[in-house]
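For reference, the structure discussed in these notes is given below.
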Amino acid sequence: MHDLVLSGGRVVDPESGFDGIADVAVEGGRIAGIGRDLGPARRTLAVDGLVVAPGFIDLHAHGQCVPADRMQAFDGVTTALELELGVWPVARWYDEQAHAGRVLNYGASTGWVFARIAAMTAQQTESSIAGMGRAMQDRRWADAVASPAETADIVARVRAGLDQGAIGIGFPNAYAPGTGVKELSELCSLAAAAGTPTFTHVAYMANIDPLSSVEAYTRLIGLAGSTGAHMHICHFNSTSLQDVERSAELVRTAQRQGLKVTVEAYPYGTGSTVIGAVFFADPAFPERTGSGYDSVETLASGRRFTGRAEVLAAQAEDPGALVLWHFLDVAGDERHRALLDVSVLFPGGAIASDAVPWLMPDGATYEGEAWPLPDDAVSHPRSSGTFTRFLREWVRERGTLPLSEGLAKCALIPAQILEASTPMMRAKGRLRAGCDADIVCFDLDALTDRADFRHPNRPSEGVRHLLVGGETVIADGQLVRAARPGRPVRRPVAA
């Protein structure tokens, strides 16, 4: 007797290429079978006319709380991972998430940047993007080369995180550009020895030398070759800026040579980060990035900056404040739209949101229980609509990819990036017997993102049912508010 049978949907498995009408049986949180006449079930749910697909896996989600989970559930996400920044201490973070209860599956890398902050400044900061920003009030960890003793301390802290089950090492290198290559190479060798990926925000973001994006990618590829580490590139679009075509050539060449280099991108020309990021303070910011200070907008108030003096004042007042950075004009510039395509459609690349937390007008992170989210809660639209936007625009409307390949970017490829080091990911991102019942059922014709920069807290439409570990999170397009089926995604921890 199965727990549930999803009956009569268009089942699409990006791993096998199966695309046809079938039933999916769920039992004990796993897929028990796919086909017809699968036997009796305690509950049968007719999903005629809907696509039945593996739930989407977000490699780059900074929200990591119930409100963020709920919004991403309507975007088809069943697993949301904090891999670029990571967390530290790792074991404590996993314990906290389990105690709080999560809607989606969750996991994190070991946060190199937080280990660096602790080792070099003795600051105790929360493992969040805002916490990293606030730590910039003492910038030595960001600007200085670590001493040999400090390097040993950093490596020991990162190793401890891996020993506690972290999913690789998070390397937001652009926020600590003063880091020496010796430190980075030692940590990449640690990742290689542990068989885990690194998740890197490359060191530099600029269209001109020196310290260009091309230089940063060349250095990253060099680290992959010299240490054997799997170097995963976070938000390929925003770190490449207007040099993404050349950057893509470098990555393709590295991959052809057998180096472990993978990429992700989100389908927007606007990024989000903390105002304290060092690149905003660069006097040559407009020349180096191709965008003026008016491209930077405060997330909480929507105010655009008018010059460097305002940026410096904001950095001094609250370096952890979140901002939007409109680095490409994809709405009005055909050339910029083509540049975004290069990163979003990169062969073998994953879609990942870089979702940021939800903020209230006073700048505090919203972690409450209200649903829908409060009207004045703000975030980047990618926190609401990354995956539905990609499937709507690039798959359904423009036809740049068939549905199965689009779903692979959302589910299978993220699982494959992780599964060598995190064996439990072999049971995610695909639909076959024995896999986890992380399943999204959506109306392809109705699937759309509704969030924009004026109304970021509009959930996506078209996801009719969402299961996490076989438990219903969305039923007939409505949130099951009491659902907390999220489970940890973690590397095996030695006894």
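Overview of results
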{"read-out": "Flag for Asp294 being surrounded by fewer than 18 Cβ atoms within 10 Å (Cβ to Cβ) and within 25 Å of Arg389 (Cβ to Cβ)", "value": "yes"}
{"read-out": "Residues being crowded, with 24+ Cβ neighbours inside 10 Å, more than 23 Å from Gly269 (Cα to Cα) and of a type in the set (S, T, N, Q) - total across the range 382-423", "value": "1"}
{"read-out": "Filtered residues of the range 19-48 (kept if part of a loop (DSSP other than H, G, I, E, B) and within 22 Å of Ser404 (Cα to Cα))", "value": "Arg36, Val47, Asp48"}
{"read-out": "The listed residue being touching a Gly at 6+ places or on another chain (Cβ under 9 Å), basic (Lys, Arg), under 20 Å from Ser383 (Cα atoms) and in a strand (DSSP E or B), out of Arg458, Arg464, Arg484, Arg454", "value": "Arg464"}
{"read-out": "Residue count for the range 166-204, restricted to those that are in a loop (DSSP other than H, G, I, E, B), surrounded by fewer than 24 Cβ atoms within 10 Å (Cβ to Cβ) and either of a type in the set (A, V, I, L, M, F, W, C) or over 19 Å from the mean Cα position of the chain (by Cα) (or both)", "value": "5"}
{"read-out": "Which listed residue, of Thr78, Thr44, is at pLDDT 95 or above, surrounded by 19 or more Cβ atoms within 10 Å (Cβ to Cβ) and polar (S, T, N, Q)", "value": "Thr78"}
{"read-out": "Top-ranked residue of the range 221-236 - restricted to ones that are aliphatic (A, V, I, L, M) and touching a Phe, Trp or Tyr at 6+ places or on another chain (Cβ under 9 Å), ranked as surrounded by the most Cβ atoms within 10 Å (Cβ to Cβ)", "value": "Met231"}
{"read-out": "Among (1) of a type in the set (Gly, Ala, Ser); (2) surrounded by 23 or more Cβ atoms within 10 Å (Cβ to Cβ); (3) in the same structural domain as Gly349 (by TED's automatic domain parsing) - the single one Ala437 does not satisfy", "value": "(3)"}
{"read-out": "Selected residue [out of contact with any helix residue (DSSP H, G or I) (no Cβ under 7 Å at 6 or more places or on another chain), of a type in the set (Gly, Ala, Ser) and either without any contact (Cβ under 8 Å) to a residue 40 or more places away in the chain or within 24 Å of Asp294 (Cα to Cα) (or both)] from Ser238, Ser213", "value": "Ser238"}
{"read-out": "In the range 284-329, residue nearest to Ala130 (Cα to Cα) [restricted to those that are part of a helix (DSSP H, G or I) and of a type in the set (S, T, N, Q)]", "value": "Gln315"}
{"read-out": "Leu259 in contact with a Leu (Cβ under 9 Å, 6 or more places away or on another chain), among the hydrophobic types (A, V, I, L, M, F, W, C) and surrounded by fewer than 24 Cβ atoms within 10 Å (Cβ to Cβ)", "value": "no"}
{"read-out": "Enumeration of residues in the range 391-448 that are among the aromatic types (Phe, Trp, Tyr) and farther than 24 Å from Leu6 by Cα", "value": "Trp394"}
{"read-out": "Filter result (among the acidic types (Asp, Glu) and either more than 14 Å from Ala355 (Cβ to Cβ) or part of a loop (DSSP other than H, G, I, E, B) (or both)) within the range 69-111", "value": "Asp75, Asp95, Glu96"}
{"read-out": "Qualifying residue in the range 327-340 (condition: farther than 30 Å from Ala408 by Cβ and among the charged types (D, E, K, R))", "value": "no"}
{"read-out": "Selected residue [farther than 21 Å from Ala216 by Cα, at pLDDT below 95, in contact with a Leu (Cβ under 8 Å, 6 or more places away or on another chain) and not β-branched (Val, Ile, Thr)] from Ala130, Ala135", "value": "Ala130"}
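Quick grid of which residues meet (1) assigned to a loop (DSSP other than H, G, I, E, B); (2) in contact with a Pro (Cβ under 7 Å, 6 or more places away or on another chain); (3) closer than 23 Å to Leu81 by Cα:
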{"position": "Thr400", "(1), (2), (3)": "yes, no, no"}
{"position": "Leu412", "(1), (2), (3)": "no, yes, yes"}
{"position": "Arg430", "(1), (2), (3)": "yes, yes, yes"}
{"position": "Leu444", "(1), (2), (3)": "yes, no, no"}
{"position": "Thr472", "(1), (2), (3)": "no, no, yes"}
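Rundown of residues vs (1) surrounded by 18 or more Cβ atoms within 10 Å (Cβ to Cβ); (2) free of Cβ contacts under 8 Å to residues at least 12 places away in the same chain; (3) over 18 Å from the mean Cα position of the chain (by Cα), yes/no style:
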| position | (1), (2), (3) |
| --- | --- |
| Tyr266 | yes, no, no |
| Ala316 | no, yes, yes |
| Asp329 | no, no, yes |
| Leu340 | yes, no, no |
| Val344 | yes, no, no |
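Conditions tested, residue by residue: (1) touching a strand residue (DSSP E or B) at 6+ places or on another chain (Cβ under 8 Å); (2) without any contact (Cβ under 8 Å) to a residue 60 or more places away in the chain; (3) surrounded by fewer than 24 Cβ atoms within 10 Å (Cβ to Cβ); (4) of a type outside the set (Lys, Arg).
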| site | (1), (2), (3), (4) |
| --- | --- |
| Asp58 | yes, no, no, yes |
| Asp69 | yes, no, no, yes |
| Ala91 | no, no, yes, yes |
| Tyr94 | yes, no, yes, yes |
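The values are calculated or read from the model by the stated rules, or taken from the named source; none is laboratory data. Everything numeric in this text was worked out from a predicted model, so none of it was measured. Ideal geometry is used to build each Cβ from the backbone, glycine not excepted, and the neighbour counts take in all protein chains shown.
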